[in-house]
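Only one structure is covered here, and it is reproduced in the block below.
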Amino acid sequence: MNKNCDIIVVGGGLAGLMATIVACENNLKVKLFTLLPAKRSHSVCAQGGINASLNIKGEGDSPDKHFYETIYGGDFLANQPPVKEMCYNAPEIVYLLDRMGVMFNRTPEGFLDFRRFGGTKYHRTAFAGATTGQQILYALDEQVRRYEYHGLVEKYTGWEFLRAVIDEEGYARGIVAGNINSLDIEVFPADAVIMATGGCGMIFGKSTNSAICTGSPNAILFQQGVKYANGEFIQVHPTAIAGNDKLRLISESVRGEGGRIWTYKDGKPWYFLEEKYPAYGNLVPRDIASREIFHVCVDLGLGIDGKNQVYLDVTHLDEEFLEYKLGGVLEIYEKFMGENPKKVPMRVFPAVHYTMGGLWVDYNQMTNIKGLFAAGECEYQYHGANRLGANSLLSCIHGGMVAGKKVFEYVQSLSKCSDDVSTDVYQQHKQVVVAKFEQYKKMEGKENPYKLHQELGETMTENVTVVRHNKKLAQTIDKLKEFRERFKNIDVLDKSGNANYSLFFVNQLWGMIELAMVITKGALLRNESRGSHYKPEFPNRDDANFLKTTIATYAVDEPQISYEDVDVSLIKPVLRKYD
Amino acid sequence: MKIRVKVERRETPISTPHLDIFELDVDETANVISVLMEIRKNPVTVDGRKVSPVVFECSCLEEVCGACTMNINNKARQACSALVKDLGREIFLAPLRKFPIIRDLVVDRRKIFAGLRRIKGWIPIDGTHGMGPGPKVSEKIQRIGYKLSRCMSCGVCMESCPQVNDRSNFIGPAVIAQALLFNLHPTGAMIKEDRYEALMEEGGIGECGNAQNCVKSCPKQLPLTYSIGKLNRDTLIYSIKKLLES
């Protein structure tokens with residue numbers, strides 16, 4: 001290739017920004033597509049920190065231990081080589097962020113400070129107060145702004161991904177995107193595309209995710225033939241606060257800094273996690289903590305005030321210490337609940353939080369479509385059946401770095417560039433989207449899309465989260481098919497040709513129903529319990545049958561599910577326990 | 001609780017604004033975003049007209065992304081952290097006034113990001129390859145830097161500032177505070193002169209009229225007037241030095 005290659009990055013969170021930076025360092029020109037300005041991406045919500053085994057506390061921590069605990073925490077479902085690479089890259093990533101000016105907390109001597117998180121006994125998590133995701137997102141956004149200033153990045157803010165352009169030979173050659181304000185639908189050629197569009201918590205209606213986390217791009221690509229892996233693995237975070245619009249996260253770092261979970265039993269405080277898991281106590285991994293809280297509230301009926309809630313208590317900790325270490329998250333609690341958590345224990349309950357599954361990628365972050373890469377929460381690679389706290393910021397940045405490097409190697413190897421592809425190919429892809437949107441614009445049925453979304457969320461939250469039963473999963477699949485039918489009778493609500501957000505929401509809703517099907521079908525067929533996926537009918541892990549990655553491929557009625565062996569070449573699977 | 005929500009709406013940037021009034025029942029945990037979400041599910045006004053859903057921006061819903069900023073009962077703030085029980089039964093929603101309207105409650109805030117570009121709001125690192133830790137930063141600098149680095153680019157400070165108006169191109173308090181953030185960092189300070197130059201241009205720090213509305217209105221309590229004061233001195237010293245050296 002001798003011309004200047006252009007690539008497209010879709011998504012302005014950590015993974016997309018990091019991929020953009022590395023691609024620019026390799027002199028690639030990047031068109032960066034984001035729904036909102038990058039500073040408003042969902043990465044901003046990450047609170048607690050980022051893992052890296054720098055052993056600054058002299059505890060004997062090492063990248064190898066980080067690697068082992070990540071694999072173990074993920075119940076051995078992750079392919080091991082890329083996870084190892086990530087854990088070994090983590091110290092340099094944290095140093096890089098430090099060089100970029102992230103205002104990490106410091107020790108009195110001026111070194112980076114570290115805190116504890118779930119699933120480990122080491123102080124492995126670097127943090128910036130309790131707004132670490134925000135701080136890191138801004139640092140990467142600033143570096144991208146620098147490349148924008150130097151002309152290597154062109155930002156397309158307010159453009160939604162609507163389709164990948166895949167040529168006759170099966171290569172990704174660009175995207176079709178729609179401007180959410182002008183409603184223009186355009187095709188953008190490129191030599192490679194990196195997807196970094198995050199998770200799909202909105203499928204569950206209310207979750208800890210941002211309103212933009214619909215997973216719509218993944219649903220579109222899935223229908224275009226991209227494989228989707230481990231869809232059924234959805235992380236439910238143990239500690240969130242209820243709201244009408246969303247469930248707000250109360251970071252695991254609250255427990256990392258000494259917060260305790262309890263409820264009343266026989267009139268006395270009962271620290272059930274500490275009692276049942278003396279080794280890890282309140283810092284058992286999220287899947288386990290969520291199941292225990294669920295059990296205490298739903299099965300035993302011991303929730304605070306008879307409701308589905310338990311206490312998360314920091315009132316025994318020093319106020320000045322709390323302000324410095326956890327100010328940002330305690331402020332959220334106080335703002336939304338109207339109580340001061342330094343004085344009164346917080347009331348929390350589990351909430352859908354993270355999408356472990358996602359687009360299938362190889363070790364180069366490339367999907368099964370040549371030239372179509374994916375990084376961050378939208379792909380499946382690093383967390384297996386359960387993600388450890390503070391590994392998400394790490395996997396987003398690491399995955400983005402790998403994608404940025406590999407995309408350069410990929411475009412170097414191309415014998416034909418996007419300019420050589422017939423304009424007909426681009427126009428055909430554009431027409432598919434234009435026709436679909438013309439159809440949406442005419443929809444004047446009886447179903448309100450926002451109400452239908454609420455129903456979808458309620459159905460999925462009730463049947464496909466902490467505890468899963470095959471009978472209910474089968475019923476959910478029927479229900480999703482019913483939603484598909486009802487979707488045909490939707491009212492688009494808005495006829496305006498300007499900033500018609502309902503029109504785009506209708507398209508996202510369709511995608512959410514399709515991905516819900518992938519999640520539910522994967523859950524139905526996996527007859528075992530592993531990580532976040534728990535079936536009382538099959539309470540044990542079944543390595544003989546299910547030490548396998550679930551692969552969903554699109555089919556009109558229901559997704560087709562097949563399985564792929566997991567690469568366990570580095571660590572032999574053992575029984576996972578934390579007591 | 002029954003509430004009455006008055007929304008100032010425009011279908012396009014050049015449409016004459018009109019008011020739509022909605023009445024709905026909400027519980028005591030409702031915030032303005034959940035109210036707008038309820039309206040979307042049944043967009044019918046109090047006089048029985050079916051209208052298009054109110055168009056608004058939102059993302060994180062926990063007051064860290066800045067997207068849902070609007071005027072709520074004539075005060076610029078984030079809609080997600082505006083709880084109905086604190087607002088009363090009459091709620092008036094309008095877009096920010098200091099930014100171009102896109103539709104209803106959505107405005108174009110690109111000028112904030114253009115300002116960040118102008119002041120070179122970044123740390124000029126050599127590259128992303130492994131080079132070990134960054135320069136040591138004292139806990140004292142970290143504490144100030146952390147406060148400054150929580151700016152969401154929401155636009156509230158500009159909305160409240162009398163110097164941001166049709167007749168001026170004032171870069172605004174948020175961007176000036178970010179210039180201080182990058183100057184505080186040892187590597188960032190290596191291009192501090194570029195930032196001083198940018199701030200001394202037309203529309204820069206000289207436009208500040210010291211009304212001090214910004215620091216009172218900032219939802220993240222950034223030390224905005226402190227930052228402006230500090231950079232006022234720094235740019236002054238810089239320009240005197242420059243004069244002496246020329």
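Which condition does residue B:46 not pass, out of (1) within 10 Å of another protein chain (Cβ to nearest Cβ); (2) surrounded by fewer than 19 Cβ atoms within 10 Å (Cβ to Cβ); (3) in contact with a strand residue (DSSP E or B) (Cβ under 9 Å, 6 or more places away or on another chain), if it passes all the others?
Tallying (1) within 10 Å of another protein chain (Cβ to nearest Cβ); (2) surrounded by fewer than 19 Cβ atoms within 10 Å (Cβ to Cβ); (3) in contact with a strand residue (DSSP E or B) (Cβ under 9 Å, 6 or more places away or on another chain), residue B:46 fails exactly one: (1).
Report whether or not residue A:207 is in a loop (DSSP other than H, G, I, E, B), farther than 25 Å from residue B:32 by Cα, out of contact with any Asp or Glu (no Cβ under 8 Å at 6 or more places or on another chain) and in contact (Cβ under 8 Å) with a residue 60 or more places away in the chain. Even if it seems obvious, please write down each step before you answer.
Values: in a loop (DSSP other than H, G, I, E, B): yes; farther than 25 Å from residue B:32 by Cα: no; out of contact with any Asp or Glu (no Cβ under 8 Å at 6 or more places or on another chain): yes; in contact (Cβ under 8 Å) with a residue 60 or more places away in the chain: yes.
Answer is no for this residue.
Consider residue A:161 against the criteria (1) within 13 Å of chain B (Cβ to nearest Cβ); (2) buried (at least 22 other Cβ atoms within 10 Å of the Cβ); (3) of a type in the set (Phe, Trp, Tyr); (4) part of a strand (DSSP E or B): it satisfies all of them except one. Which criterion is unmet?
Only one criterion in (1) within 13 Å of chain B (Cβ to nearest Cβ); (2) buried (at least 22 other Cβ atoms within 10 Å of the Cβ); (3) of a type in the set (Phe, Trp, Tyr); (4) part of a strand (DSSP E or B) is unmet by residue A:161, namely (1).
Quick test for you: out of B:167, B:118, B:110, pick the one residue that is touching a strand residue (DSSP E or B) at 6+ places or on another chain (Cβ under 8 Å) and of a type in the set (Lys, Arg).
Among B:167, B:118, B:110, only B:110 is touching a strand residue (DSSP E or B) at 6+ places or on another chain (Cβ under 8 Å) and of a type in the set (Lys, Arg).
What helices (runs of 4 or more DSSP H), lying completely within the range A:1-99, carry at least 2 residues that are of a type in the set (Asp, Glu) and either in contact (Cβ under 8 Å) with a residue 40 or more places away in the chain or within 14 Å of another protein chain (Cβ to nearest Cβ) (or both)?
On the way: elements: A:14-25, A:63-73, A:80-99.
Helices (runs of 4 or more DSSP H) meeting the threshold: A:80-99.
Of the residues B:194, B:126, which single one is among the acidic types (Asp, Glu) and in a loop (DSSP other than H, G, I, E, B)?
Answer to the selection: B:126.
Are any of the residues in the range A:142-149 free of Cβ contacts under 8 Å to residues at least 60 places away in the same chain, within 11 Å of another protein chain (Cβ to nearest Cβ) and touching a strand residue (DSSP E or B) at 6+ places or on another chain (Cβ under 7 Å)? Steps first, please.
As a first pass, look at the range A:142-149 and keep what is free of Cβ contacts under 8 Å to residues at least 60 places away in the same chain: A:142, A:145-146, A:148-149.
Those still in the list that are within 11 Å of another protein chain (Cβ to nearest Cβ) too: A:142, A:145-146, A:148-149.
From what's left, touching a strand residue (DSSP E or B) at 6+ places or on another chain (Cβ under 7 Å): A:148.
Yes: the range A:142-149 contains one or more residues that are free of Cβ contacts under 8 Å to residues at least 60 places away in the same chain, within 11 Å of another protein chain (Cβ to nearest Cβ) and touching a strand residue (DSSP E or B) at 6+ places or on another chain (Cβ under 7 Å).
Take the residues in the range A:109-157 that are in a strand (DSSP E or B) and closer than 20 Å to residue B:187 by Cβ; name whichever of them is modelled with the lowest pLDDT.
Pass one, the range A:109-157, residues in a strand (DSSP E or B): A:112, A:114-116, A:123-126, A:153-157.
Checking which are closer than 20 Å to residue B:187 by Cβ leaves us with A:112, A:126.
On the way: A:112: 93, A:126: 97.
Among those that are in a strand (DSSP E or B) and closer than 20 Å to residue B:187 by Cβ, it is A:112.
Going by the structure shown, is residue A:73 over 22 Å from residue A:364 (Cβ atoms), in contact with a Lys or Arg (Cβ under 9 Å, 6 or more places away or on another chain) and modelled with pLDDT under 95? Reasoning before the result, please.
Working: over 22 Å from residue A:364 (Cβ atoms): yes; in contact with a Lys or Arg (Cβ under 9 Å, 6 or more places away or on another chain): yes; modelled with pLDDT under 95: no.
No.
In the range B:22-34, is there at least one residue being more than 9 Å from every other protein chain (Cβ to nearest Cβ), surrounded by fewer than 17 Cβ atoms within 10 Å (Cβ to Cβ) and modelled with pLDDT under 95?
Yes, some residue in the range B:22-34 is more than 9 Å from every other protein chain (Cβ to nearest Cβ), surrounded by fewer than 17 Cβ atoms within 10 Å (Cβ to Cβ) and modelled with pLDDT under 95.
Tell me yes or no: at least one residue of the range B:180-203 is among the aromatic types (Phe, Trp, Tyr), touching a Phe, Trp or Tyr at 6+ places or on another chain (Cβ under 6 Å) and more than 9 Å from every other protein chain (Cβ to nearest Cβ).
yes
Of everything in the range A:493-518 that's touching an Asp or Glu at 6+ places or on another chain (Cβ under 7 Å) and within 28 Å of residue A:462 (Cβ to Cβ), which residue is farthest from the other protein chains (Cβ to nearest Cβ)?
Result: A:517.
Taking the options A:310, A:284, A:329, A:298, name whichever one is within 14 Å of another protein chain (Cβ to nearest Cβ) and either out of contact with any Pro (no Cβ under 8 Å at 6 or more places or on another chain) or over 30 Å from residue A:72 (Cβ atoms) (or both).
Residue meeting the stated conditions: A:329.
Whether any residue in the range B:12-22 is among the hydrophobic types (A, V, I, L, M, F, W, C) and in contact with a helix residue (DSSP H, G or I) (Cβ under 6 Å, 6 or more places away or on another chain) is what I want to check. Before the answer, list the steps.
Looking only at the range B:12-22, we keep the residues that are among the hydrophobic types (A, V, I, L, M, F, W, C), and these are B:14, B:19, B:21-22.
Adding the requirement that they be in contact with a helix residue (DSSP H, G or I) (Cβ under 6 Å, 6 or more places away or on another chain) leaves B:22.
Yes, the range B:12-22 contains a residue that is among the hydrophobic types (A, V, I, L, M, F, W, C) and in contact with a helix residue (DSSP H, G or I) (Cβ under 6 Å, 6 or more places away or on another chain).
Just to be sure I understand, how many residues within the range A:488-516 are assigned to a helix (DSSP H, G or I) and in contact with a strand residue (DSSP E or B) (Cβ under 7 Å, 6 or more places away or on another chain)?
2
Among A:132, A:120, which is the only one that is within 25 Å of residue A:34 (Cα to Cα), hydroxyl-bearing (Ser, Thr, Tyr) and crowded, with 24+ Cβ neighbours inside 10 Å? Steps first, please.
Working: A:120 fails: within 25 Å of residue A:34 (Cα to Cα).
So the residue among A:132, A:120 that is within 25 Å of residue A:34 (Cα to Cα), hydroxyl-bearing (Ser, Thr, Tyr) and crowded, with 24+ Cβ neighbours inside 10 Å is A:132.
The values are calculated or read from the model by the stated rules, or taken from the named source; none is laboratory data. These numbers were taken from a predicted model, which means no experiment stands behind them. All Cβ positions, glycine included, derive from the backbone under ideal geometry; neighbour counts span all protein chains shown.
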